[in-house]
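J.: Before I ask anything, here is the structure I am working with.
The values are calculated or read from the model by the stated rules, or taken from the named source; none is laboratory data. Predicted, not measured: the structure shown is a model, and the values here were computed from it. Virtual Cβ from ideal backbone geometry, glycine too; neighbours counted across all protein chains shown.
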Amino acid sequence: MPAAVANTRITRVDAGASSTADDILVGEEPLEIRLGHGPLDAREEFRLSVTMRTPGSDEELALGFLFSEGIIASQAEVVRIVPCESVEQEERGNVVRAELDPSVVVDPQRWQRNFYATSSCGVCGKSSIEAVRVQCDRTLRPWGRVRPDAITALPDRMRAAQTVFKHTGGVHAAALFDRHGELLVLREDVGRHNAVDKVIGAALRAHLPLADCQLLVSGRAGFELVQKCVVAGIPLMAAVGAPSSLAVKLAQELGLTLIGFLRGTRFNIYAGSLGSHSP
């Protein structure tokens, strides 16, 4: 079965001298997400997407992906998500099937998506500009006042919980916190959008109140990650890195509080404000 990490031998060079050593790499494998849909007596299968991910929490990844991409409106529309057993030996552990409730209408043409997305960019798998923007009727509950001391404490709490990063240094992380800064869910993945989908999927399974949560990501804040927050109903997103222009525009348009360059005691607010009162 695919593993989250792998061992390898390397040649380490220091000041011109070389030596061999063992090293640990972050795992990267393709995950194919299939949909089972239709009436109980006439189920059909649709191959939805393949994403390069770090193995682990695959059911959460699939659930979060379906929800944050607007394919399902709630967890109740998914009966179960299970690994596919009737696959080739080399695919075993890398294919999951999400069984949708028979009442869910599936329109493959609506998503206009190719079957492949890289680990660094989920948008790359979408075949048109129209397909990039997910339809979302959700109204975000305003986060309200941003407390600098609470925000700046989040990165250290996230890093302390990053077990795969400690061993490999090669994964992104997404962490969900409550309003008081308590860590609720953390997931790591070679793909930043996969880490976010895993967090959202885990939160849905645990029935966490996403409208009262804030999300921290270890890299930059791109359009797709902002969109996933909005669709999930998370009112504040913070990133260690920079946001993109389209991400800021979407956050401002839809009422998401967006923070970037969160490092040490400093950060920038790109949407929302420090404010002077609580919501």
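J.: Mind listing just one residue for me: the one in region 133-152 that is loosely packed, with under 13 Cβ neighbours inside 10 Å and at pLDDT 85 or above and, of those, farthest from Met237 (Cα to Cα)?
T.: Here the answer is Asp149.
Conditions tested, residue by residue: (1) in contact with a Ser or Thr (Cβ under 9 Å, 6 or more places away or on another chain); (2) buried (at least 19 other Cβ atoms within 10 Å of the Cβ); (3) within 29 Å of Leu31 (Cβ to Cβ); (4) not assigned by TED's automatic domain parsing to the domain that holds Leu61.
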position: Asp197; (1), (2), (3), (4): yes, yes, yes, yes
position: Ala202; (1), (2), (3), (4): yes, yes, yes, yes
position: Cys229; (1), (2), (3), (4): yes, yes, yes, yes
position: Ile234; (1), (2), (3), (4): no, yes, yes, yes
position: Pro243; (1), (2), (3), (4): no, yes, yes, yes
position: Leu250; (1), (2), (3), (4): no, yes, yes, yes
position: Glu253; (1), (2), (3), (4): no, no, no, yes
position: Phe261; (1), (2), (3), (4): no, no, no, yes
position: Phe267; (1), (2), (3), (4): yes, yes, no, yes
